[in-house]
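For reference, the structure discussed in these notes is given below.
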Amino acid sequence: MLERIFPRNQHPIERILRVVVGLVLLSLVFVGPQTLLGLVGIVPLLTGFIGSCPLYTACGMSTCSIESKEASRQAG
């Protein structure tokens with residue numbers, strides 16, 4: 001059921017990059033003067049953990065490979 005709400009549409013490397021960028025931006029809240037920019041880091045962090053980007057879903061895009069999509073369907 002969760003796959004219908006959040007379809008997997010991110011490549012694993014992209015997911016890792018999103019988590020790293022999210023953590024870097026979020027760290028600005030604690031060590032830098034950019035509080036608002038730091039809070040924006042929550043978005044790539046969450047989409048990286050979930051593996052689904054709502055903007056990709058709305059546009060019908062996907063960077064996830066076909067093999068990864070089929071493996072996630074069989075597992076779930």
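Distance between the pseudo-spin-label points of Ile42 and Leu55 (7 Å out from Cα toward the beta carbon): 1.8 nm. Under the shape rule built on the C-alpha gyration tensor, where the axes satisfy a ≥ b ≥ c, the range 1-71 is prolate, since a/c reaches at least 1.5 and a/b is greater than b/c.
Local charge for Gly48 was computed over the other residues whose Cβ lies under 13 Å away, with Lys and Arg +1 and Asp and Glu -1, and equals +2.
Read-outs throughout are calculated quantities, based only on the coordinates presented, and are distinct from any laboratory measurement. Here the structure is a predicted model, which means the values were calculated and not measured. Here the Cβ is made from the backbone with ideal geometry for all residues, glycine too, and neighbour counts use every protein chain on show.
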